[in-house]
Each structure stands twice: as C-alpha cells, then as structure tokens.
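Before any comments, here is the structure.
Bear in mind these aren't lab numbers, they're just calculated from the coordinates by the rules spelled out. Being a predicted model, the structure only gives us computed values, none of them experimental. Here the Cβ positions follow ideal geometry from the backbone for every residue, glycine too, while neighbour counts run over all protein chains shown.
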Amino acid sequence: MGLFQKKEPGGGGLAVQLREGGRHPFGALDGYVPLRHGEIAIYRAIREAVPIVDAAIWKLIRLTGGVTVTCRDKKAQDGLDWFLQHVNTGRGQRGLQSFLDCYLDSMLTCGRAVGEIVPDRRRTDIAALLCGNVADIEIKEGDSPLEFAIWGRDPGGMMRRLPRQELLLFTPFQPETDSPYGVSLLRSMPFLTEILLKIYQATGMNWERMGNLRFAVVYRPGDTPMDQALVQERSRQIAREWSAAMQAGKDGSVRDFVAVGDVDIKVIGADNQVLDSEVPVRQILEQLVARTGIPPFLLGLTWSSTERMSTQQADMMTSEITAIRRALEPVVERICELWLRLHGYDSRVEVDWQDINLQDLVEEARAQLYWEQARSLEMDNDAREKGESV
C-alpha cells in the first residue's frame, strides 16, 4: 500500500525569481551604427547622458564668444553697434551674441547650423535673427561646387526650395569632400558613450542591491521524524517572523528574531566583489575629452598635470577656439553687410574677436612691465654717464 503512495515534497524552494537585466535610460545609443551623417537624436542623447561632454561644449561656446565689428563709415558705426547689441533673436533673447551661441551649439552638436535673417515689413532694416532646426532642412548642390540651395518642407510635407536664399544662413562644421552637411563634434562618441553608460548602469544596480541589503534565511531540519514532519510549517513560521522583524526595523523599532533549530542567516551579495570602474571610466573619459579639445583641468578633472603641460594644453585650446571663430566669421560678415546695405552705407566690415583668456593679457602686461623697467634703467644710465662727463 505504501509502495505507490506519493511522497510529500521536502523543504525545497517554492518559487524561482528571474531578475531583470536592467538598461540605462538612453536606449537610443544601444546598437547604434555610425552612418554617413549620423543621427541628431543620438548626439543630443550623448549630451544629456554624459554631463562632461555637455559641459565641454558649453565651455567652447562661452570661450568662442566676444565679437566686435568695425565698418569703414564712421557715421554707421554707432548704429551698427546698437544693432548688434539689441537685435531680436527670439525667445526673449537680444543681441548678436545670443544668436551666435545658439547657432554654434547647433553647429557643434549636429555638425551644421542654419539661421535666417528676418527683414522688417518695409524691407529697410533687419527685424530679427533666428536659428532653425537642422533636421528640417536639406542641402541640394548645383552643377558646380559653388552652388547649393537650402530646401525645407512645405505645408503639405513635401520638400521644396526655400525662397529668399540670400536671407538664409548655413554653416557646416568641418565639412568633408563628399558631403555638404559637415561633421558633428560628437560623431566618434556613440560607441564609447554606450560602454560608459553600461558601466554607470551596472554600478548603480550593484549599489542598489548591496546598499539595500537582502537576506537569505536557511533552515536545516534535524534528523528526527518530528523535525521532518514539521519542515513546511516551521519554514512558513520563520518567514513570517523574519518579515515582521524587518518591517519593525522600517518603522524605527528594534525587534529580535528568535528561531528554533539550525537557522543560518546571510546577506545576499556580501561575498561578491564589485568591479573597479575607475580605470575603464577614466580611459573612456580621456577619449571623450580629447575630442572636445578642452583641457581636463577646465572640466574639473584632477588628472596628473604639470604646470608646463597645462600651459601647452591652454595654447592648443586657443588654436581650437580660433578655428571655430573662423567658421563663424562669414555669418557675422553677411549679417553686418546686409544691415549696412539696407541703410545705404559701405558694406565692407572687419570682424574682431576678444581675447580668449586672461593668460595672454597677463603675459603681455608682464612683457610691457619688463620693457618699461629696461627703458628706465637705460635712461638712468644715460643720465649718469652725462653727469660724469660734465
């Protein structure tokens, strides 16, 4: 009779739980394959996901600023200066510099920037300078490399040539020979950014698991028939009392856990070692920062650097800013030339940029001081020689 009787299950696990692998919130970076023009959404996600990249671009924008324009007609200089300081640039912004900040932000992030000069109703003055969305335009090249047109979508959703091309501004950033769209500053970053986000995501999940402790309560029944018969009941009782003790701890009270028999309590994950992420994270950040051209110490990175090395990095950054300014000069010249022609003045202008940093001013002032000291000593020597000769 007992040969065919089904035995009761022992004290095994009642359920199996599968944990979710977890993914970082910037899923657009997963599986990204670099294409010819890249994806603007990818580049904006990189800036949102990696604060140091976003900070580097904003520093480039701020360091590039500071432009002054000089025209040949002295009568027009006051009006031109007032226009550059007060022209409407949309969204509550005024001044040419606010337009250039938005224009340069698009150029560095997307690889190209597009803007529009908006004349007033009487066509006698410039009413506003506006930046456009580069995702809404296409470039159509003509028969020669000097001819191109900007196309946009009409109300029906079809691409068409935009009117008044002379009022549109377009600047590609480091354009290649086979493409008029330019290259984004972030083009080489998606692959490394995806690895960096995986490291951060895994680190966060590990700290969430080990910071919020999980416990494994193991009950080992004895060899007596009584213990074998009460395995299920004692397991449920231990689980209930353990849950009550943990809940009491959340409420701020202390409650002891008492169990009968061989009970072992361990912290889940306490014996596992968290991988050291300092070296791989630094290697990736070095690649990302090198692409921006910003010295690491300007971004708050305390990497080993000598005074001589910092000076060389600052000089290299100066050359990077100068190259970016050269790309913006045609836009500034076109805006000012059109304003001067609308007001009947000579349209020839000269664009000047402010000094990039104060280091050059300090060095120039120090050199001027040394020159004045040498000149003073020379004059004293001359006076002393004349006195001796008399």
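Which order do the peptides 186-197, 63-74 come out in when sorted by mean C-beta neighbours inside 10 angstrom, highest first?
Details: 186-197: 19.7, 63-74: 16.3.
Packing order, densest peptide first, comes out as 186-197, 63-74.
Amide H to amide H, which residues 5 or more places from I137 or on other chains are under 5 Å from it, using H placed in the peptide plane?
none
Multiply the residue gap between K266 and E329 by 0.36 nm, knock off their C-alpha separation, and tell me the result in nm, one decimal place.
16.0 nm
What number, in nm² with one decimal, is the all-direction average of the projected area of the convex hull of the alpha-carbon atoms of the range 143-204? Write down the numbers at each step before the final one.
Values: hull surface 31.0 nm².
Result: 7.7 nm².
What number results when the radius of gyration of the range 108-169, computed over Cα atoms, is divided by 2.2 N^0.38 Å?
The range 108-169 yields a ratio of 1.23.
Specify the inter-centroid distance of the range 69-116 and the range 146-214, based on alpha-carbon positions, in whole Å.
24
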